[in-house]
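Structure record follows, encoded as structure tokens.
Every number here is computed from the coordinates shown, using simple stated rules; none is lab data. Please read these numbers as outputs of a predicted model, since none were measured by experiment. Glycine also receives a Cβ, built like all others from the backbone with ideal geometry; neighbour counts cover every protein chain displayed.
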């Protein structure tokens, strides 16, 4: 017990460092955001994963060499209408996964919009990963791997095609993010949480002083 | 509605074809099991009522895609009678033939092809009346696409049917594309049947046969055309148009052409059960312990082969398998087994005859809250206090409730108040769809309105609706069928296009699901219920910019938590676990997104009786049930708990919600965005205003609640109450008021304690300097001036008033101040100290100036 207590402090002994990061999932509805999280966190897959209203929250810990990385994952609603909620989730996030569906070109377009928005409005050093989900349906592919990869390179994004259904690249993409995140600051996102809901964030962003970062 | 009469219930069974393992449809989701598709399509068959068709009653699935179909049944068939040589007169035969043609033409008009008409599935209800059976097989199996056996017997098959290949299914829509047999195949089968019926053929009959047995379907007459054949001249004159039974929402004159039944002692039928509808009797049959599979097993029909016998001989790494032996049972066995009714009749035998015909006029008994019309009321009241799940399985109790409700619904809307009162006891599952509609005050030509809405033209929302539907309550057998998806889409589109001021927010699908599941065959009813439900409980929630509405709702919810559970409120507030993070899906879908269907139904049974503030109380009740866990959890654990709604005892939740609702002053849940200005027929719901009326719908005065700016609402931690509520709850103006739901026992003390936090100022009275309130004070209030109330440590400084406060902690504490923030800040401090039921008088002491209740009491000298 005593040993564990020591390891829980990021500034404790070097061995068993723990970092906590806030990660947000963005993307058009029904591309598989919730499924990716469910696969990563619980190792499960539900064919008929229910739609997310507002947002859902889950945590998962991964071990990386001598560091334990704890992800606080905010899984957002995909419908365009819920867009105004998104800033409250991605503000203060150290990482984001922007998800699209490889069988649907429109969702890729939407993913690009999300990337732009993150680059403009999120924390400047946010780590963004692009996930082309539903890779198991490659026979119905509408977004070419090369196209997405080229886009990811241009924008210095991590990129992988994933399948929540077969678990392909799901852990890998989270691990890749964990590796890229700076561990020296201790990733103290734990205390930062949405200050309160502004469904119409555009108007209130500037005036509110109490926001995270 | 068709009553039971002399009918039996018959069950038959077949297997839906099973899909190869792991095969996926075009959307990447696994193919819908054929059994689910069949169940979805089957529902339409249950809506068919025709004097010469056996009713379809129920479908169930069991292991390995086995389907069990229950329908009306009669033991004797046309075949038996042919063999016994009973029919010799041609006119009798023509009459039967006409009945068959009539039934076929009815089926065809509804898009159903029989395809397996033969002498052994034409049943005889009486010697002179036929009933077609098995006519739904071809339709429910999607024209044979969902089963691996042929439908129809070769002898009766039309040439084009014999020539056609097996059914093909489109991968995208999962529906049969070809070849679909047209209705004219039935004309051929009819020809063959007639050929068997008539031994000697008249000229007319020969002509009819020739027409029926025309090889080319294009030239073969349809059933509708056959009806006009000269041979049926007399029959046509005899046949009266079939009038469908009672419909609840219709603009038709329900008493037009009404024939009162004549009571003849000679034909008095003591079998009262036979007068009940088939659906009701079948429902009771199941409650009496009837099990379809047990009946089949007893008849040796549902033999299941050990799964090991069904294993393939070999498989390849791709997942393809070969060499399964085909099970004989997968072929169609047309045997129909009669469901024995003795158990049911035995269970009902002690019920007195009068219970079948309850009197409704006895309004006084209703008011006492007793179940009014049953002779064995004593027993029933006892049952009524048992848990809901037990009541729903109690056959005698359900019998009485169903009969009562069925009568009440027939008298809707006239009997609406009575329905309200009964619904407060419970709602039998069999009649829930209609009772809900009654509670939501659905009336008028709902079919016409629904039919007039364009549900086909593509709209921009289509994509969102299409991705949401296959994810909404898909564990539900009916809702996961393609039929349900089609209906679902129509309902949502109908709502979106007919409410241009609103938009589709994800969550509307969940909200729609309970209505669709209940009124699966009555889309117009489901639609009307949805359109009545939304303005009542979710007024303006579906505006494009719904932020002010949701903000206000969540702020009021936070107040309500603080009011009822300060400890929990302080804890959640402290860790930053605010309602905005978890309660949006609760409220936006009225919990339909967070609970499974059976729980939603029970929750909404009560929700529909409450006003638009009731859902807030449900939220507090849910938190209350999870209280211990929430109190011990930090932020992460709390939010994880709600990311997957934990098991909630719904009946307890409902009871808690009612308690919370009744102990909350009505103005404390005031929301400016709740529905207002609706015209209400006041006489409709006497004495129900406590629960069902909205605050905004009642007359307003200067003592009422007013809209509060959202910033202010969010800054305050405790709810405000109106002067009206204060006067009523404090009994400051007698007991005449009755606007608040808060009830109290007679002769008990007033349920509020008024805390005046103003500082009294020295004024001169009769040349003496006395400490008084210039504006007077509320009689019975205690004075704890805010400025001096709290010690530096933050505790209440002891004084006699604080002692009074502490001795009356179970009362509602109304804090009164001047215009400033003192009252609200004082209330916040009380909340911090875990005082429960703290609220603040809206607009402070000034609001009471004109009320005449303020007194200049002798100050404490």
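Compute the normalised compactness of segment B:129-180: alpha-carbon radius of gyration over 2.2 N^0.38 Å, N being the residue count.
1.26
Between residue B:305 and residue B:331, take the C-beta separation as r, use R0 = 22 Å, and let me know the FRET efficiency to the nearest 0.05.
On the way: r = 14 Å, r/R0 = 0.62.
After rounding, the FRET efficiency stands at 0.95.
Take every residue in peptide A:139-146, count the Cβ atoms of other chains within 10 Å of its Cβ, and give the average of those counts.
1
Counting helices only, and only those DSSP H runs with n ≥ 4, report the 222 nm mean residue ellipticity of chain B as the sum of -39,500 (n - 2.57) divided by its residues, in deg cm²/dmol to the nearest 500. Can you show the working numbers first?
Details: 37 runs with 337 residues, N = 861.
Result for chain B, helices only: -11000 deg cm²/dmol.
When you look at the Cβ of every residue in B:837-848, what mean number of other chain Cβ atoms sits within 10 Å?
Taking all residues of B:837-848 together, the mean is 0.
With a 10 Å Cβ neighbour count serving as the proxy for reagent exposure, in which order, fewest first, do B:130, B:94 appear?
B:94, B:130
Taking neighbour Cβ counts within 10 Å as the exposure measure, how do B:815, B:431 sort from fewest upward?
Starting with the residue having the fewest Cβ neighbours, the order is B:431, B:815.
I want to check the label-to-label distance for residue B:385 and residue B:545. Put each point 7 Å from Cα in the C-beta direction and report it in nm to one decimal.
Calculated label separation equals 5.5 nm.
When Rg is the radius of gyration of the Cα atoms in segment B:1-149 and Rh is its Kirkwood radius, what does Rg/Rh come to?
On the way: Rg = 17.4 Å, Rh = 16.7 Å.
Rg divided by Rh gives 1.04.
Which order do peptides B:632-642, B:67-77 fall in by mean Cβ count within 10 Å, highest first?
Result, highest mean first: B:67-77, B:632-642.
How big, in percent, is the set of alpha carbon pairs in chain B lying more than 53 Å apart?
Of all Cα-Cα distances in chain B, 28 percent exceed 53 Å.
What relative contact order, as a whole-number percentage, does chain B give when Cα pairs under 8 Å and 6 or more residues apart are counted?
9
Compute the distribution of all C-alpha to C-alpha distances in segment B:398-479, in bins of 5 Å from 0, and list the percent of pairs in each, rounded to whole numbers.
Calculated over all Cα pairs of segment B:398-479, the distribution is 3, 12, 17, 13, 12, 16, 12, 9, 5, 0 percent.
Under a point spin-label approximation (7 Å from Cα along Cα-to-Cβ), what is the residue A:149-residue B:180 distance to one decimal in nm?
Distance between the two pseudo-spin positions: 4.6 nm.
What distance in nm lies between label points placed 7 Å from Cα along the C-beta direction at residue B:498 and residue A:59?
That separation, rounded to one decimal, is 4.8 nm.
Hey, what did segment B:410-485 get for relative contact order, percent, Cα under 8 Å, at least 6 apart?
Worked out over segment B:410-485, it gives 21 percent.
How large is the translational diffusion coefficient of segment B:425-522 in µm² per second when you combine the Kirkwood radius over alpha carbon pairs with Stokes-Einstein at 20 °C and 1.002 mPa s?
Taking Rh from Cα pairs, D becomes 148 µm²/s.
So what are the three principal axis dimensions of segment B:509-587 from its Cα atoms, in whole Å, longest to shortest?
Cα extents, longest axis first: 49, 25, 19 Å.
Kindly put B:313, B:718 in sequence by how many other C-beta atoms sit within 10 Å of each C-beta, fewest to most.
B:313, B:718
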